[in-house]
Amino acid sequence: MLMSSQNSELRFERNANGTLETMPPTGGISGNREIKAGAYLLNWVESQDLGEVFSSSTGFRLANTAVRSPGAAFVAKGRLPEVGIDKKINLLT
C-alpha cells in the first residue's frame, strides 16, 4: 500500500506469487475505447437489471490470489456479496 500511495500516477496489479506489476497509463485512443466500452456495458447491465458494473479502479482477487483491475467489469446479481445499501462491496476478500 505504501508503494502505491507514494506513486499515485502509477497503477499496480499483484501476481499470484505476490510480485507487483506496474501498469503504465493508457494512451488517448485506448482510454477513449475503455470509457466507451464501460459505458456500453453499464447501459446494457442497468437496462436489463443484470447486476453491477465496476471501473478499472476496482481490484478483483482471482482464484490463484492474483489481483487484477480490468478496464471494465460486470458481476451478475447472483455472484454479488449480500451487503446493505450503505456498505462497501469488497471484491478483494
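Output ³J(HN,Hα) for segment 46-60: one whole-Hz value per residue in order, computed from phi by the Karplus curve 6.51 cos²θ - 1.76 cosθ + 1.60 with θ = phi - 60°, and x for Gly and Pro.
5, 5, 9, 6, 8, x, 10, 10, 10, 7, 5, 7, 8, x, 10
Between Y40 and L62, what is the label-point separation in nm under the 7 Å Cα-to-beta-carbon projection?
With each label placed 7 Å out from Cα toward Cβ, I get 2.4 nm.
Each value in this text was obtained by applying a stated rule to the coordinates, not by laboratory testing. Just so you know, these numbers come straight off a predicted model, no measurement behind them. All Cβ positions, glycine included, derive from the backbone under ideal geometry; neighbour counts span all protein chains shown.
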